[in-house]
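Derivation of every value follows stated rules applied to the coordinates shown; laboratory data play no part. Computed from a prediction, not measured in an experiment: that's the story for all the values here. Note: ideal-geometry Cβ built from the backbone for every residue, glycine included; neighbour counts use all protein chains shown.
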Amino acid sequence: MAAKTLAEKGVKVLLLEKHPEIGVPLSCAEAISVSGLDRFVIPDPEWISSQIHKMLLVSPSNEKLTVHHPQAGFVLNRKIFDKRLAQKAASLGACVRVNSCAVGLLSLNKDGFCGVKVLEDGKEKEYGAKAILGADGVESWVARWAGIDSSLRLDQTESSAQYLLRDVEVEPDRMEFYLGRSVAPGGYAWVFPKSDHTANVGLAITPDRSPKKAKEFLDQFVQKRFSSFRKIEFTMGCIPTFNRKKSLVKKNVLLVGDAGRLVESLSGAGISNALLSGKIAGEVVSQFVKQGGYSFSTLKRYEDRLLREKGRELRFYSYCRAIFLKMTDEDFDAVVYFLKEYLGDRTITAIQPIELVKTILKSNRRLLPLLRHLIW
Amino acid sequence: MLRLNLKLCGECGGCVAVCSVGALELYSEGLKIKPKQCTLCQNCVIFCPTGALQIKTSQDKVSSSSQT
């Protein structure tokens, strides 16, 4: 998205992808809300696997709540989606290089870092740059090279595992979420349909609170949820949590997406924030380059703009995660019971997350003390 | 010493993210461990979704070789 935005604005841009193919390997559950997608790109059936109109929430004691929410979201085909975005950037003038792995930044001078060192076909090459965007995911070495402490504590991560399953019984327009210590401690399990017989089935756990590995929990969940299935793909991942204390800009280096920890800490959703951060970073860098590439204060506007737009929401979900991690299975049961009564058979068209969370916490005397985490 | 089971590694990069000393790097060819930098804190071992990373001691080597 950043490369596309920069190319649109006529800035010379080089996109480096370390893998031979853009969008592969996949490390994503591929779900996104309609509003999180359509403000950046027009949804295209080519890379939309399914449209979501319903959500099923299952409590630890197997209490089920179905929420009807027409046009709630999409499950994407990221392997195609990412490629099309890169192709769009290329068609606008961006140079896209695959099999090109950044291995360092070129020395720092008063103008910041002057480029990147890259390994291509076993040979080291250097590319000069006025600004460098780190879109290198959760493991971001660009951040470390720039001197931004990006390492995560274990409690700031979710360890996840996912299968793409075929021949499974799912409703193609319904997402499923499963809660409980025995299902996914410190996280949740999901079933995101990609068609009427295919689904991304995964879970995320908080690694330092779990007696077993994410994959072990996932195998157990899959056996319990599906009577028959075929495993097509296995992926695993690290879902970072948002940390407002971590910087997104250092000199002329900017971090976007997972590299900047721009993830909704409760759900683990990151695609929309990655698109937004890429777009804003592209706009700010284009301004910076057009001004000659000397004023780092221009680049700081990226962080300011992003946090002005998303900071409150990202902080809110961090507090929600703190609450979530303190909840017991009984608490989850109580929440699902409450929501069943509260929502009834109503069809939801929009959710006000802050109000909803406050209402849930006020609904139960056991949960009331957790409200203090929402005061900020 | 930190050991990687290549068959179990899905190259998700989580271990790299939780390593505070930069002892792990993910290249297009896979994960690389820098043993000199590793402090054996085990964060990567705890994080790994599949158990691909493990700490092996010299005793482990002796016992595993005596088993085989």
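For the protein assembly as shown, the cysteines with no partner cysteine C-beta closer than 4.7 Å are A:Cys28, A:Cys95, A:Cys101, A:Cys114, A:Cys238, A:Cys320, B:Cys9, B:Cys12, B:Cys19, B:Cys38, B:Cys41, B:Cys48. Mind listing which trypsin sites (Lys or Arg not before Pro) in segment A:177-229 are in a DSSP loop and have 16 or fewer other Cβ atoms within 10 Å? Loop-located and lightly packed - A:Arg181, A:Lys212.
Counting other Cβ atoms within 10 Å, keep those with at most 14, restrict to DSSP loop, and tell me which trypsin sites (Lys or Arg not before Pro) in segment A:63-170 are left. Sites meeting the loop and neighbour criteria: A:Lys110, A:Arg153. For chain A, the longest principal axis of the C-alpha atoms and the axis of helix A:78-91 are separated by about 30°.
Quick check on segment A:84-169: take the gyration tensor over C-alpha atoms, sort the square-rooted eigenvalues as a ≥ b ≥ c, and tell me if it's rounded (a/c under 1.5), prolate or oblate. Oblate. I need the calculated FRET efficiency for the pair A:Asp173 and A:Ser107, taking r as the beta carbon distance and R₀ as 45 Å, to the nearest 0.05. The formula returns an efficiency of 0.25 here. Angle check, please: helix A:353-362 long axis (alpha carbons) against the longest principal axis of chain A (alpha carbons), in degrees 0 to 90, nearest 10. Result, in degrees: 40.
Cβ crowding within 10 Å, taken as a proxy for footprinting-reagent exposure, orders A:Asp38, A:Asp258 from fewest neighbours to most as A:Asp38, A:Asp258. Subtracting the Cα-Cα distance of A:Asn99 and A:Leu325 from 0.36 nm times their residue separation leaves 77.4 nm of extension gain.
Hey, which of these cross-link pairs are over 27 Å Cα-Cα: A:Lys123/B:Lys34; A:Lys123/B:Lys32; A:Lys250/A:Lys290; A:Lys83/A:Lys125; A:Lys130/B:Lys32; B:Lys7/B:Lys34?
In this structure, A:Lys130/B:Lys32 lie more than 27 Å apart at Cα.
Ignoring lysines fewer than eight residues from A:Lys326 along the same chain, the ones with Cα atoms less than 17 angstrom from its Cα are A:Lys358, A:Lys362. Pairs of alpha carbons in chain A separated by more than 29 Å make up 44% of all such pairs. Note on segment A:193-263 and segment A:157-191: Cα centroid distance 10 Å, given to the nearest whole angstrom. Given Cα positions, please report Rg to Rh for segment A:18-135, the hydrodynamic radius being the Kirkwood one. My calculation of the ratio gives 1.14.
Cross-link partners for A:Lys215 among the aspartates and glutamates, with Cα-Cα distance under 19 Å and sequence neighbours closer than 8 places in the same chain left out: A:Glu30, A:Asp155, A:Glu158, A:Glu176, A:Glu233, B:Glu11. If you plug the beta carbon distance of A:Arg230 and B:Met1 into 1/(1 + (r/R0)^6) with R0 = 35 Å, you get a FRET efficiency near 0.35.
For chain A, modelled as a GNM whose springs connect Cα atoms under 10 angstrom apart, the maximal fluctuation among A:Ala350, A:Ala189, A:Ala31 occurs at A:Ala350.
The angle between the Cα long axis of helix A:296-326 and the main principal axis of chain A comes to about 20°, on a 0 to 90 degree scale. Taking N as the residue count of segment A:210-362, its C-alpha radius of gyration divided by 2.2 N^0.38 Å amounts to 1.36. The GluC sites (Glu not before Pro) found in segment A:1-84 that occupy coil by DSSP, while having at most 12 further C-beta atoms within 10 Å, are A:Glu21.
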